[in-house]
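Peer 1: Below is one structure. I have some questions about it.
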Amino acid sequence: MNNKSWFPIFLIYACGLAGTSALGMMGPLAVDIGGFFNVPAATVGLAIAGQLLPLAFAGLVMGWLIDRLGPRPLLLLGLFTMGGCSLANAWLDSFALLRGTLLLQGIALVAMMTSGQGLLMMFTAGRQQVQAMTLWSTVTPVGYALGLLAASPFAGSEDWQRAFTWHSGITLALLVTAPWLPALRAGSSGGGLWTVVRNSRVVRFGMSLSLSALAGIGSSAVGALYFNRVHGLELGTSAQVMAVASVCGVVGSIVIGVLLNRGWPGNRLAMLILLTATLGAAAFYWPSDVLALAVAGAVLQQLCVGGFIALVYSLLPRALPEPGMAGFAAGLVGQITGIGAAFSAPLYFGVLDMNQWHYFVVISVVAWGCGYLLLPSERDASAVAASNH
């Protein structure tokens, strides 16, 4: 099959960045929000969690909507909602309304991520599909970094709400790209939702990714405090170290995508990721006096998170009996992954308060090990791929 134009693929990716950048903006603005609305930091944290909560329950609903409406209308609706909520955040003077808009942004984010991934899976095939899904696997770390950059100039000033104005303008401007987005319908042969839900390979992909998210997001959440407590780094410097480590996930995604395109078996790459993540966890969490070792461990873990996302996203289409089920598959995998992401912060912060650093290593090794064992075998993927032809 001939490759499609890359222009629509980059547009879909840009829409995904508009969604994930909303997550990155909240960290630098959290103190300003608490001061403006006179609420404690814990309450602000719960409000910000509203952006992530829908990831754990709305994926299948979005997959169903993709099957009914097609991915492009859902992507555009998500863009409109995301931009409209950011515009509202720029003018709100009620914390209760802010919590509502952040929850709506979380729902819009699920719509954008599910429809964007589904659209790429339906629009591409073969080698280009691996490349496109590798690119899509970087949408969260890149978007998060862009959100940090967008909010940083306004953080700590009276103009902090202007960050939302900029975000809304860029997000809503992407709506003009609608004519260039592929107008595809899911077009499944019927019973697509239950076929995907009963597909053990899709469920196992989701569970594998959920466990890697548990380890990866948990490490990111406590990383700055860990560096501060164990190595004595100032919190601002610790946060910058973790930000750099998180962006390194993009490198992991690219490396895995290149190796897949060169014919490396998925299970061999998964074993490589497992070994590297285990080494990274041991280097990061062991309370030695060697700061460079801990930094290297943090980078290795985030490289593995990005690489594992790329691996799962690239292999997932092979588990589907027909391309029209891509929306359901993206929704189901995203929803299962959201469960692991939701549990990560409470688990890791609980261990942080115990000051038992070796527990972090145990959790990381168990999570990555179980994720590897749950990953469908290359033989299963090949059997499904053959049946598709």
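FYI, it's all coordinate maths here, none of it is from the lab. Because the structure is predicted, anything quoted here is derived from the model rather than measured. Reconstructed Cβ throughout: ideal geometry from the backbone, glycine too, with neighbour counts over all protein chains shown.
Peer 1: Convex hull over the Cα atoms of the chain, averaged projected area in nm²? Don't jump to the answer; show the numbers that get you there.
Peer 2: Values: hull surface 70.8 nm².
Approximately 17.7 nm², given one-decimal rounding.
Peer 1: Which length gain, in nm to one decimal place, applies between Trp357 and Ala14 when the Cα-Cα distance is subtracted from 0.36 nm times their residue separation?
Peer 2: Separation in residues times 0.36 nm, less the Cα-Cα distance, equals 119.6 nm.
Peer 1: Bin all alpha-carbon pair distances of the stretch 195-266 at 5 Å intervals from 0 and give each bin's fraction as a whole percent.
Peer 2: All Cα pairs considered, the percentages come to 3, 14, 14, 16, 16, 14, 10, 7, 4, 1, 0.
Peer 1: Continuing with the same structure: Which is farthest toward the positive dipole end of the stretch 1-127 among Met25, Thr81, Ala111, measuring Cα position about the Cα centre, with Cβ charges +1 (Lys, Arg) and -1 (Asp, Glu)?
Peer 2: Result: Ala111, furthest along the dipole toward the positive end.
Peer 1: Compactness ratio of the stretch 99-221: Cα Rg over 2.2 N^0.38 Å, N = residue count? Mind dumping the intermediate values first?
Peer 2: Working: Rg = 17.9 Å, N = 123, 2.2 N^0.38 = 13.7 Å.
This ratio for the stretch 99-221 stands at 1.31.
Peer 1: Among Thr20, Thr276, which comes first, second and so on when ranked by fewest other beta-carbon atoms within 10 Å? Working shown, then result.
Peer 2: Numbers: Thr20 21, Thr276 17.
If I rank by nearby Cβ atoms, fewest first, I get Thr276, Thr20.
Peer 1: A further question follows. Show me 152-165, 109-122, 243-256 ranked by packing, highest mean number of other Cβ atoms within 10 Å first.
Peer 2: Sorting 152-165, 109-122, 243-256 by mean packing, highest first, produces 109-122, 243-256, 152-165.
Peer 1: Using only the Cα atoms, what convex hull volume per residue in Å³ does the stretch 193-388 have?
Peer 2: Considering the Cα atoms of the stretch 193-388, their hull volume per residue is 104 Å³.
Peer 1: Could you tell me the largest-minus-smallest coordinate of the C-alpha atoms of the stretch 6-178 on each of the three principal axes, in descending order and whole angstroms?
Peer 2: 52, 30, 26
Peer 1: Would you please classify the overall shape of the stretch 250-298 from the alpha carbon gyration tensor, given that a ≥ b ≥ c denote the square roots of the eigenvalues, rounded means a/c under 1.5, and beyond that prolate means a/b larger than b/c while oblate covers the rest?
Peer 2: Because a/c hits 1.5 or more and a/b exceeds b/c, the stretch 250-298 counts as prolate.
Peer 1: Taking the Cβ of Phe154 as the centre, find all other residues whose Cβ is under 11 Å away and add up their charges (Lys, Arg: +1; Asp, Glu: -1).
Peer 2: On the way: positive: Arg162; negative: Asp32, Glu158, Asp159.
Once positives and negatives cancel, what remains is -2.
Peer 1: Which of the peptides 303-309, 21-27 is most tightly packed, and how do the rest follow, going by the mean number of other Cβ atoms within 10 Å of each residue?
Peer 2: The packing order, highest mean first, is 303-309, 21-27.
Peer 1: Report the local net charge at Val333: Lys and Arg +1, Asp and Glu -1, summed over other residues whose C-beta lies under 14 Å from its C-beta.
Peer 2: +3
Peer 1: So how far apart, in nm, are the two label points at Ser157 and Leu97 if each is 7 Å from Cα heading toward Cβ?
Peer 2: For the pair Ser157/Leu97, the computed spacing is 2.4 nm.
Peer 1: Right, next: Which peptide among 170-179, 64-73, 194-203 comes first, and what is the full order, when sorted by highest mean count of other Cβ atoms within 10 Å?
Peer 2: Ranking, from highest mean packing down: 64-73, 194-203, 170-179.
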